[in-house]
1. Which one of the conditions (1) open to solvent by less than 60 Å² (accessible area, probe 1.4 Å); (2) away from the ligand (no atom under 15 Å from the Cβ); (3) farther than 30 Å from Arg20 by Cβ; (4) of a type outside the set (Gly, Ala, Ser) does Phe72 fail to meet, given that it meets all the rest?
2. Given the conditions (1) under 28 Å from the mean Cα position of the chain (by Cα); (2) surrounded by 23 or more Cβ atoms within 10 Å (Cβ to Cβ), and given that Ala283 satisfies all but one, which numbered condition is not satisfied?
3. Among the residues of region 281-316, what is the count of those that are touching a Phe, Trp or Tyr at 6+ places or on another chain (Cβ under 8 Å) and either of a type in the set (Phe, Trp, Tyr) or in a strand (DSSP E or B) (or both)?
4. Could you tell me how many of the residues in region 254-269 are under 33 Å from the mean Cα position of the chain (by Cα) and open to solvent by less than 10 Å² (accessible area, probe 1.4 Å)?
5. Exactly one condition in (1) under 31 Å from the mean Cα position of the chain (by Cα); (2) outside any strand (DSSP E or B); (3) farther than 29 Å from Ala49 by Cβ is false for Gly249; which is it?
6. Looking at region 154-174, which of its residues are within 12 Å of the ligand (Cβ to nearest atom) and farther than 21 Å from Asp222 by Cα?
Amino acid sequence: MTRPARVRINLPALQHNFNRVNESAPASRVMAIIKANAYGHGLTRIARALPRADAFGVACVNEAITLREAGFDRRIVLLEGPFAADELRLISGYRLDVVLHHREQLAMLERVRLRRPLNVWLKIDTGMHRLGFAPTSVPEMVTRLDTIDYLGELRWMSHLACADDSGDDYTATQIEGFRNTVESLTGERSLANSAAVLAWQDAHYDWVRPGIMLYGASPLRDTTALALDLQPVMTLESTLIAVNTHQKGARVGYGGDWVCPETMPVGVAAIGYGDGYPRHAPAGMPVLINGRRAQLIGRVSMDMVCVDLRGHPGAAVGASVTLWGDGLPVDEVAASAGTIGYELLCSINSRVRCEYIE
Ligand SMILES: *Cc1c(COP(=O)(O)O)cnc(C)c1O
C-alpha cells in the first residue's frame, strides 16, 4: 500500500476554466501561464490538456526546455527573460520568446550574435514597480533594439498590481498608462492576468495571460470561484490512519497547545508540511471527512494532521479526508491559513502521488 496522500487533477475542469477565459476575452489570444510546475499541477500534463492555448508562459529556461523536449511546438515565453547571457544560445536553440525588462538584458542581447530571429516582449512598468522599463525610457529601448540584427517580432506587455480588487482605481490608471505608452507603437500587446481577464475588459488587448483561473481558484478578492463559474482542478486528499478517543484535558500534537475540552474522538490524517500542506495553519482549518466539514486541531506535523471528529460518528480509519478541492475551495482554506490559493497549490511537492482524470 502506498502513502494515502494524493492529489487528483481534474483535466475536464481545466478545459472548462480555459473556456471561461475564451468567453471572457473572446478577441484575445491566450498565453496559458504554467510556471512553477503549472502552479503545482504538473507542467507537461497540464500543457497537454491545453491544446487550444496559443502560447505558454513559464518562468525559466528549464521549464521551457521540459516542454520542448516533451514535444511542444507552440510559442513559449520566458516571463522574466534571460537571467544570464549564457542562456541566450539555449533560448535561441529552443526557439523561446523572451520578456525584456531591464537594461542589463538588453546589453546581453547587444553583446551576443544569434542566428535565428529572437522574439521579444518588452515589459513596461506601468505602476507595479517590480519589473519593467519606465514608460519614458521606452523610445530609447526601441532605438537600441532596432540595432539588433537578429531581432524578431516585438511585442509590448505590462503587469497589473491590484487587478484582484475590481473597485481599485489603480488598475484603471495602469491601463491608461499602458494605452498611452503603446499607442504609437506597432506590435501586439498584453496586459491581463486572470483577474483582469474576468474584471477589466479594457486590459484584454491582443494576448491575455491567465494563470490561477485555469486552475479553478478565484483571482478576485471578493468573489468566489463558484460565482465566477470556475471549477477546482486540484483536489488534495488523504485518509484517516488513526482514530483515538482522548480524555478531557488531553493535549494534542507538538507543543501540546491544543487541549481537548471534553472527552472526544481525534482523527489523524496522513498529510503534513512534508507534502506541502502549510505548517503555519492554525487550529480550526477546514477539512472534509467523508465529504463533511470538520476542523484541524493541534499543530501540523511533517506527515500528519489531527482532526476534531466530534459530530463525525461514522469516521473510522480509512475515511477519506479532503484538504482542498472538490467541495472545499482552496481559496477558503488559504484564507484560514493566512495565505492565498496560489501558494497552497504551488507548495504541493513530488512526495504526493498525482492522479490525472481525463
Ligand atoms: C504569473 C503571471 C501571470 C498569471 O497571473 P495569474 O494571477 O495567476 O493569472 C500573468 N503574467 C505574468 C507576467 C506572470 O508572471
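The values are calculated or read from the model by the stated rules, or taken from the named source; none is laboratory data. What you see is a predicted model, and the numbers here were worked out from it, not measured in a lab. All Cβ positions, even for glycine, are placed from backbone atoms using ideal geometry, and neighbour counts span all protein chains on display. What goes into the accessible areas is simple: the full protein's heavy atoms, side chains included, and nothing from ligands, DNA or RNA. Shrake-Rupley method; radii C 1.70, N 1.55, O 1.52, S 1.80 Å.
1. (3)
2. (2)
3. The number of residues fulfilling the criteria is 3.
4. 2
5. With respect to (1) under 31 Å from the mean Cα position of the chain (by Cα); (2) outside any strand (DSSP E or B); (3) farther than 29 Å from Ala49 by Cβ, Gly249 is out only on (1).
6. Met157, Ser158 - these are the residues of region 154-174 that are within 12 Å of the ligand (Cβ to nearest atom) and farther than 21 Å from Asp222 by Cα.
Residue by residue, here is whether (1) within 12 Å of the ligand (Cβ to nearest atom); (2) closer than 26 Å to Met31 by Cβ holds:
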{"position": "Ala196", "(1), (2)": "yes, yes"}
{"position": "Ala199", "(1), (2)": "yes, yes"}
{"position": "Ala227", "(1), (2)": "no, yes"}
{"position": "Ile241", "(1), (2)": "no, no"}
{"position": "Asn244", "(1), (2)": "no, no"}
{"position": "Val252", "(1), (2)": "no, no"}
{"position": "Gly255", "(1), (2)": "no, no"}
{"position": "Trp258", "(1), (2)": "no, no"}
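Yes/no matrix, rows are residues, columns are (1) in contact with a strand residue (DSSP E or B) (Cβ under 8 Å, 6 or more places away or on another chain); (2) open to solvent by 20 Å² or more (accessible area, probe 1.4 Å); (3) not acidic (Asp, Glu):
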site: Ile271; (1), (2), (3): yes, no, yes
site: Gly276; (1), (2), (3): no, no, yes
site: Ile289; (1), (2), (3): yes, no, yes
site: Gln295; (1), (2), (3): yes, yes, yes
site: Asp303; (1), (2), (3): no, yes, no
site: Val317; (1), (2), (3): yes, yes, yes
